[in-house]
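Structure first, then comments.
The values are calculated or read from the model by the stated rules, or taken from the named source; none is laboratory data. Just so it is clear, the model here is predicted, and its values are computed rather than measured. Here the Cβ positions follow ideal geometry from the backbone for every residue, glycine too, while neighbour counts run over all protein chains shown.
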Amino acid sequence: MKTGRNEKCWCGSGKKFKHCHYGRENQDPVSLGEAIGHSQKNASRKCCYVPDDLKNECSKKIINAHTISKSGSLKEIADESNHVLGLKISLPNIIKNQGKLIPERIGINQASTFKGFCSTHDKSLFACIEDRAFIGDDEQCLALMYRSVAKELYAKEGGLNTSGFIKNGDKGKNRIDQMFIQSFATVHQTGINTAIKELSELKSKLDDQLLRKSSGNLSHLIIEATSPMPVAVSSIVSPITDFDGNLIQDLGDLNVVAEQLVFNSFSSDGKGYVVFSWSKSSTKVLCFIKSLLAIDTDNIFSALIRFFFGVAENTFTSPKWWDGLSVEQKGKIEKLIMAGVNPFEYDPCNILIDDGINFSGWEVGSLRKINF
Ligand SMILES: [Zn+2]
Ligand SMILES: [Zn+2]
């Protein structure tokens, strides 16, 4: 398997071997410090995710935008010192906890933030959900969805940078290890590129609706309760199974466009809300929603807990609610969290199925279907 110095490199980079992998086994390996530096730099990337047509209005200041409302939602579930429980996903922290992700105290100023909007647009786009009580009108549902999609796009673009970084992780290793690392990074990169393409398509639909160029034809399910929601979340996922464990879409096939579901759980004006949003054309997502609606009202909160912790990282929990859980309930949540990170630990097909461990603390009042 000798590669000539002037031939194209075996790794697929398109560069000549002499400018790419030639002599890589003798290079200095990537240090932990470099890896942590990359992880921190990646987490502090700044840009404004408004539609291109609005970019001329951007202020110079990119802020730490909250994906979950600080005043209405996080404050509502925080303890006296304004902390909630959430996952701190950073390389130093994962090393500290020996690969485990466990809910830790986070101040509400930091919780759920990302550097994805300038100060002008963070205000103008989200005033409708930050400054007025939630009633579930089109503008508010669109704003919730827009913020989740922007945040996910930001995260995925960061993931792509990390893929590039992993490709350098074979320095100082033998040729077999180099090949293993390159093929792993290539698969990772392909998956992320596909996700970015799908998210960008959804975002351009939302952009058009925001600019009132067209109706995005969106559907929403709004679940409401008279008390605040103890778990706040804002995320987007392509559901694999429904709440009965039935496969609804196979994400392994990158030729099939994955359908996406945006979900937000928050409080507003002392009431709690869970809002699911999707493109009306996403029929597999509708099947997923129908399996949720088939659940007894009394058991919906438990189903939501399994779903939130099993699929979303951007989850924030009331310390008071958490402290009231039994050892078994806490263990269940920790397992669900790890299922999202390490699918070998816990079968992802079973995470949504009712296993008899139930949760209380939020009584579902009403369910509203919009444009089903
Ligand atoms: Zn190469
Ligand atoms: Zn802007």
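Given the criterion surrounded by 13 or more Cβ atoms within 10 Å (Cβ to Cβ) and on the phi > 0 side of the Ramachandran plot, identify the matching residue among G310, G361, G365, G356.
Checking each option against the conditions leaves just G361.
Could you check the stretch 227-256 and list, in sequence order, the residues that are in contact with a helix residue (DSSP H, G or I) (Cβ under 6 Å, 6 or more places away or on another chain) and assigned to a loop (DSSP other than H, G, I, E, B)?
Hits for the stretch 227-256 are P228, P230, P239, D242, F243, D244, I248, Q249, L254.
Being within 16 Å of ligand 2 (Cβ to nearest atom), in a loop (DSSP other than H, G, I, E, B), within 35 Å of the chain's Cα centre (by Cα) and not aliphatic (A, V, I, L, M) narrows it down to one residue among C11, C48; which is it?
C48
Return yes or no: is F308 at pLDDT 95 or above and out of contact with any helix residue (DSSP H, G or I) (no Cβ under 7 Å at 6 or more places or on another chain)?
no
Do we find a residue being touching a helix residue (DSSP H, G or I) at 6+ places or on another chain (Cβ under 6 Å), at pLDDT 90 or above and within 22 Å of I236 (Cα to Cα) anywhere in the stretch 170-179?
No, that holds for no residue.
Does the stretch 94-114 contain at least one residue that is within 16 Å of ligand 2 (Cβ to nearest atom) and crowded, with 20+ Cβ neighbours inside 10 Å?
yes
Is there any pair with a first residue in the stretch 13-25 that is modelled with pLDDT under 90 and a second that is part of a loop (DSSP other than H, G, I, E, B) and away from ligand 2 (no atom under 16 Å from the Cβ) whose Cβ atoms are under 7 Å apart and which are 6 or more apart or on different chains, and what are they?
From the stretch 13-25, the pairs are S13/C20.
Between S183, S163, which is free of Cβ contacts under 8 Å to residues at least 12 places away in the same chain and among the polar types (S, T, N, Q)?
S183
I need a count of the residues in the stretch 14-37 that are within 11 Å of ligand 1 (Cβ to nearest atom), surrounded by 15 or more Cβ atoms within 10 Å (Cβ to Cβ) and part of a helix (DSSP H, G or I).
Adding up the residues that qualify gives 2.
How many of the residues making up the stretch 276-321 are in contact with a Pro (Cβ under 7 Å, 6 or more places away or on another chain) and part of a helix (DSSP H, G or I)?
Of the residues in the stretch 276-321, 3 are in contact with a Pro (Cβ under 7 Å, 6 or more places away or on another chain) and part of a helix (DSSP H, G or I).
Cβ-Cβ under 7 Å, sequence separation 6+ or interchain: first residue in the stretch 258-273 and outside any loop (DSSP other than H, G, I, E, B), partner surrounded by fewer than 21 Cβ atoms within 10 Å (Cβ to Cβ) and among the acidic types (D, E). Which pairs?
Final answer for the pair search is K271/E224; Y273/E224.
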